[in-house]
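In what follows, a structure is listed as structure tokens, so that the remarks can point back to it.
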Amino acid sequence: MESMSLQYLTETRRKLHGMAEPSGAEYNTQAFIESELKRFGYKPIRLGTGVYCDIGGGKNRLAFRADIDALPMTENTAVTGMADCAAKGAMHACGHDGHTANLLNVARLLGGKSDVPLRLIFQFGEEDEGGSAYMIKHGVLDGVNEIYALHLCPELDEGKIGYCYGGMFAGCYEFDVEIRGKAAHCAMREKGADAVLASLDIAAAAYKAAKKHGLLVNLGKISGGHARNIVADYCKSEYTLRFYETSKCEAAMLDIERAALAADDMYGTEHKTTCVAMYNPLVNHALAVDTVRSVMGERCEAVPPRYTAEDFSDYLLEVPGCMVWLGIKSAGHDSPLHSDTFSFDERALSTGTELFMKLIDARKLGV
């Protein structure tokens with residue numbers, strides 16, 4: 001069975017890799033997943049551009065989630081060696097082709113039958129906002145009382161499972177600050193209202209607030225003004241704030257808003273703060289992590305939390321469960337996630353399949 005699993009994992013991952021599609025446009029990917037599930041004896045249900053299916057009867061389902069979207073980038077096939085199956089205009093640079101192939105392999109091995117009530121979730125739109133929220137809103141967690149997911153990790157050795165108690169991924173609050181001022185010649189700047197200077201004051205306050213509350217903030221883009229000798233009448237700053245406690249994020253945003261109001265008073269400007277996107281912190285449940293450790297034993301390795309974001313967090317706000325890292329580091333495969341050189345050896349996926357199958361057995365045994 002192991003050799004057949006590796007063959008299926010390899011072939012399926014590469015098919016998915018070749019049809020990589022960005023968030024919300026996973027039409028071919030959805031159709032392929034649906035076709036495979038039907039071939040294995042399931043009755044898949046579409047939600048958005050995602051898919052899910054149930055196995056076995058009864059309530060209190062154990063669920064597994066895989067994300068299916070790709071990133072809008074061009075693959076460096078000279079490094080990845082995937083020229084024969086690289087897509088155009090999109091790339092599975094975050095390993096979602098591996099996540100999906102793994103869950104389809106579990107479906108294949110189960111063959112549509114299980115003594116344990118299961119739900120397999122193939123989620124769209126993880127790289128953009130809305131995929132998890134949409135599927136949850138439309139009932140994908142109805143009847144589910146435990147959920148697990150994995151994520152490929154190029155920093156962790158192949159065959160290892162990385163676990164983290166509590167916060168594993170940070171929450172993410174992305175916001176813009178727009179400042180409207182009044183243009184004037186710099187020689188008569190008292191007649192103007194400097195939007196750039198106000199923005200710089202707010203930026204300094206944002207970094208001070210992040211340090212005060214123990215958060216990470218990044219001002220990734222700032223644009224405004226017309227010429228070096230003209231007081232700027234407009235400036236826009238684009239921020240991301242990363243956090244593990246929502247209350248601290250809220251406190252920092254209050255500090256930033258106070259600073260913006262103070263800047264308006266000082267420079268005669270007007271500001272508007274807009275939330276662009278929001279992800280909750282991904283907080284693993286301790287008992288679920290314990291279960292992973294009990295079924296995988298010495299292959300488990302503790303890993304620190306990261307400031308990256310993952311919308312699996314939305315599921316964990318509704319039902320207990322956890323996400324773990326699946327190690328894929330091997331010779332020639334150590335490029336970071338979201339890079340155009342990211343790739344992996346499909347043999348690493350067999351550990352993911354083993355993990356999910358053992359979690360099913362643990363539920364059966366009441367572990």
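The values are calculated or read from the model by the stated rules, or taken from the named source; none is laboratory data. As the structure is a computational prediction, the values presented were derived from the model and not from experiment. So basically every Cβ, Gly included, is an ideal-geometry build from the backbone, and we count neighbours across all protein chains shown. Keep in mind that these areas ignore ligands, DNA and RNA; they rest on the heavy atoms of the full protein, side chains included. Shrake-Rupley method; radii C 1.70, N 1.55, O 1.52, S 1.80 Å.
Annotations
- With Cα atoms, 0 to 90° folded angle of helix 349-365 axis to the chain main axis: 70
- Accessible carbon and sulfur surface of segment 145-205 relative to its total accessible area, %, 1.4 Å: 53
- Taking all pairs of distinct alpha-carbon atoms in segment 155-249, Kirkwood radius in angstrom: 15.8
- Tilt relative to the chain, helix 195-213 - C-alpha long axis, 0 to 90 degrees, to 10: 50
- Label separation (THR10 vs ARG39): 1.7 nm, computed from points 7 Å beyond Cα along the C-beta direction.
- Residue-count net charge about SER335 - beta-carbon cut-off 13 Å; Lys, Arg +1, Asp, Glu -1: -4
- Part-to-part distance (alpha-carbon centres) for segment 165-180 and segment 274-351, which is given in Å: 19
- Accessible-area order (highest first, 1.4 angstrom probe) of the listed residues GLU127, GLU310, GLU11: GLU11, GLU127, GLU310
- Tail beyond 20 Å, pair distance distribution of segment 247-367 (Cα, percent): 63
- Relative contact order of the chain, defined on C-alpha pairs under 8 angstrom at six or more residues apart (%): 23
- Rounded to the nearest 0.05, the FRET efficiency derived from the C-beta distance between ASP334 and ASN60 at R0 = 51 Å is 0.80.
- Centroid-to-centroid separation of segment 195-258 and segment 11-58 [C-alpha atoms, Å]: 41
- Site pair ASP128 and ALA302 shows an inter-label distance of 4.0 nm when each label is modelled 7 Å from Cα along Cα→Cβ.
- At a probe radius of 1.4 angstrom, the accessible area of segment 225-367 per residue rounds to 48 square angstrom.
- For LEU261, solvent-accessible area (1.4 Å; no DNA, RNA or ligand), Å²: 90
- Taking all protein chains as shown and a probe of 1.4 angstrom, GLU178 keeps an accessible surface of around 40 Å².
- Values (1) 79, 43, 37; (2) 63, 53, 37; (3) 57, 46, 44 are given for comparison; Cα extents along the principal axes in Å, derived from the coordinates here, is the one labelled (1).
- Against the chain, whose longest principal axis is taken from its Cα atoms, helix 286-296 shows a tilt of about 40°.
- Signed unit charges on C-beta, dipole axis of segment 255-367, positive-most listed residue GLY366, THR351, CYS275: GLY366
- The packing ranking, built from the mean of other Cβ atoms within 10 Å per residue, places the peptides 214-222, 71-79, 27-35 in the order 27-35, 71-79, 214-222, highest first.
- With all protein chains in place and ligands, DNA and RNA left out, the 1.4 Å accessible area ranks HIS151, HIS185 as HIS185, HIS151, largest first.
- Going by accessible surface with a 1.4 Å probe and the largest first, ARG299, ARG13 read ARG299, ARG13.
- Surface accessible to a 1.4 Å probe, THR274 within the full protein complex, Å²: 50
- Our summary gives segment 209-367 a relative contact order of 17 percent, counting only alpha carbon pairs under 8 angstrom and 6 or more residues apart.
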